[in-house]
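Just below is one structure, and these are the notes that go with it.
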Amino acid sequence: MVLEPGTRIVIAIDGPSGAGKSTVARKVAQHLGYQYVDSGAFYRAVGWLMHARGVPVEDAAAVMACLAHTPLRATFEAGIFHMWVADACVTSDLRGEAAGRAASAVALLPGVRALITAQLQRVGAPANVVMEGRDIGTVVFPEAQVKFFLDASLAVRGQRRLQETPPGETPALSRHILEAMATRDRQDQGRPTAPLVQAADAQRIDTTDLTVDEVVQTMLSEIHRVLDGEGG
Ligand code: DC
């Protein structure tokens, strides 16, 4: 790939929850000195906001009206990503499968997707960026120079989610985590607008039997292969 001097680089990482996207995306960004953006945090923040304001997520008009008055923004400083709703840092409220389900529900709304997509494109415009999500390589940055699609078996993805379950969530809830993840996958893959799908030009990595370092090394090799001119 021949890059004009000053070309902004986008590394897109998509895949279902628990495939390992966040962990490896952070490390790849750190290694390359790029900005890291967790696009799921934007959808989680919208779900959190609607819950906090008592807005039903099925009511698209009410959701959009609420968002019109409440700015969302992300910061990435000293290697730490934070999500803000108006002036409140909500990062620690966004973990867990319940927040993921709320995010997946608001992510069905085309208006919410259009708003967040435009915001992600603005966030990614000025800097080299590693962005992870569900539709980064297909919709947000279809022109991304390097795209990955990470996947893993449902059992392993569930195991990884269990390890991340915040203290507030009960073991009973944790036992249903596989079912909840499978339902969320189906919803993300089946929605009409920007469904979770592998981009035709994305490299698929099955992380089931790989360590984090192995995935990161595979990705860095591919990124160097493409950006250093051997990628066609
Ligand atoms: O990556 P995550 O688990 O934080 O994402 C939470 C939900 O947000 C996911 O189930 C679907 C939605 N999402 C999306 O629709 N598009 C994205 N680019 C990122 C997340």
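Laboratory data are not the source of any read-out in this text; all were calculated from the coordinates shown. Keep in mind it's a predicted model, so treat the numbers as computed, not measured. When we count neighbours, we look across all protein chains shown, and the Cβ atoms used for this are built from the backbone with ideal geometry, even at glycine.
Rounded to the nearest 20 debye, the dipole magnitude of the chain is 460 debye, with +1 charges on Lys and Arg beta carbons, -1 on Asp and Glu beta carbons, and the Cα centre as origin. Values of log10 I(q)/I(0) for the stretch 53-193 across q = 0.09, 0.10 Å⁻¹ run -0.32, -0.40, by the Debye formula with one identical scatterer at each alpha carbon and no solvent.
Counted by Cβ distance under 12 Å from ASP38, the other residues give a net charge of +4, where Lys and Arg count +1 and Asp and Glu count -1. In the chain, taking the dipole from charged Cβ atoms about the Cα centre, the farthest positive-side position among MET131, ILE177, SER221 is held by ILE177. Multiplying the residue separation of GLN163 and THR183 by 0.36 nm and removing their Cα-Cα distance gives an extension gain of 5.3 nm. Taking the charge dipole of the chain about its Cα centre, with +1 at Lys and Arg Cβ atoms and -1 at Asp and Glu Cβ atoms, the residue from ALA29, PHE81, PHE148 reaching farthest to the positive side is PHE81.
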